[in-house]
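Report on the structure given below.
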Amino acid sequence: MTGFGLLGHLLEMMTGSKTRAKLFAGRVPVLDGIVELAEQGVVPGGTKSNMEFVQHSVQFAQELPEAKRWVLADAQTNGGLLAAIPAAQSRKAISALARARVEAAIIGEVFAGPAGIDVVG
């Protein structure tokens, strides 16, 4: 088990809480040029290990390109900075982080269901 990358960290959270996440891939902030590198096959070995670890618990939307899938499992991400808060408090939290000059984004939601992740566009 690696536990790294956004998908790895999120899966650990879902497994621990026995819940399921819907991850909106299009909302995940990504540095310029990263998806293009993944499209060219530039994928670190740790990322491949991360994908192998999560593959049985993550359902990707069919239309989600493989390169974006790799980026979500990237071993070089800040998946450890992932936080889950009640939906009713999410906008307030985003505003507070913005005032502190911290970039943040609402990238998904958690709901009852078998532990795992559904990745949509």
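The values are calculated or read from the model by the stated rules, or taken from the named source; none is laboratory data. This one's a predicted model, so the numbers in the text were calculated from it and none came from an experiment. A quick note on method: Cβ atoms are made from the backbone with ideal geometry, for glycine too, and the neighbour counts reach across all protein chains shown.
Determine the pairs where a residue that is part of a strand (DSSP E or B), located within region 96-121, has a partner that is of a type in the set (Lys, Arg) and loosely packed, with under 13 Cβ neighbours inside 10 Å with Cβ atoms under 8 Å apart, the partner being 6 or more residues away or on another chain.
Gly108/Arg27
From the list Val58, Val42, Val30, Val54, which residue is free of Cβ contacts under 8 Å to residues at least 60 places away in the same chain and within 13 Å of the chain's Cα centre (by Cα)? Don't jump to the end; show me each part of the working.
On the way: Val58 fails: free of Cβ contacts under 8 Å to residues at least 60 places away in the same chain; Val42 fails: within 13 Å of the chain's Cα centre (by Cα); Val54 fails: free of Cβ contacts under 8 Å to residues at least 60 places away in the same chain.
That would be Val30, the only listed residue that is free of Cβ contacts under 8 Å to residues at least 60 places away in the same chain and within 13 Å of the chain's Cα centre (by Cα).
Could you grab me the full set of residues in region 1-27 that are over 14 Å from the mean Cα position of the chain (by Cα) and in contact (Cβ under 8 Å) with a residue 40 or more places away in the chain? Let's see the steps before the verdict.
Here is the first cut: in region 1-27, the ones over 14 Å from the mean Cα position of the chain (by Cα) are 1-2, 15-19.
Listed by number, the residues that qualify are Met1, Thr2, Thr15, Ser17, Lys18, Thr19.
Filter region 43-69 down to the residues that are within 23 Å of Thr19 (Cα to Cα) and in a helix (DSSP H, G or I) and list them by number.
Asn50, Met51, Glu52, Phe53, Val54, Arg69, listed by residue number.
Conditions (1) more than 20 Å from Leu11 (Cα to Cα); (2) of a type in the set (Phe, Trp, Tyr); (3) at pLDDT 95 or above, marked per residue:
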residue: Gly41; (1), (2), (3): yes, no, no
residue: Ser49; (1), (2), (3): no, no, no
residue: Ala61; (1), (2), (3): no, no, yes
residue: Ala73; (1), (2), (3): no, no, no
residue: Asn78; (1), (2), (3): no, no, no
residue: Lys92; (1), (2), (3): yes, no, yes
residue: Ala104; (1), (2), (3): no, no, no
residue: Gly108; (1), (2), (3): no, no, yes
residue: Pro114; (1), (2), (3): no, no, yes
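Just the residues that are touching a Leu at 6+ places or on another chain (Cβ under 9 Å) and either in a strand (DSSP E or B) or modelled with pLDDT under 95 (or both), please, taken from region 14-25. Talk me through it step by step, then tell me what you get.
Going residue by residue through region 14-25, those that are touching a Leu at 6+ places or on another chain (Cβ under 9 Å) are 21, 23, 25.
The answer is Ala21, Leu23.
I'd like to verify a number: residues in region 70-84 that are assigned to a loop (DSSP other than H, G, I, E, B) and either of a type outside the set (A, V, I, L, M, F, W, C) or surrounded by fewer than 12 Cβ atoms within 10 Å (Cβ to Cβ) (or both), how many? Walk me through it before giving the result.
Kept after step one, since they are assigned to a loop (DSSP other than H, G, I, E, B), are these residues of region 70-84: 73-78, 82-84.
Next cut, either of a type outside the set (A, V, I, L, M, F, W, C) or surrounded by fewer than 12 Cβ atoms within 10 Å (Cβ to Cβ) (or both) only: 74, 76-78, 83.
Going through region 70-84 one residue at a time, the tally reaches 5.
Inside region 95-121, can you point out the residues that are farther than 17 Å from Leu23 by Cα and hydrophobic (A, V, I, L, M, F, W, C)? Lay out the reasoning, then the answer.
Step one: of region 95-121, the residues farther than 17 Å from Leu23 by Cα are 95-103.
Correct list: Ala96, Leu97, Ala98, Ala100, Val102.
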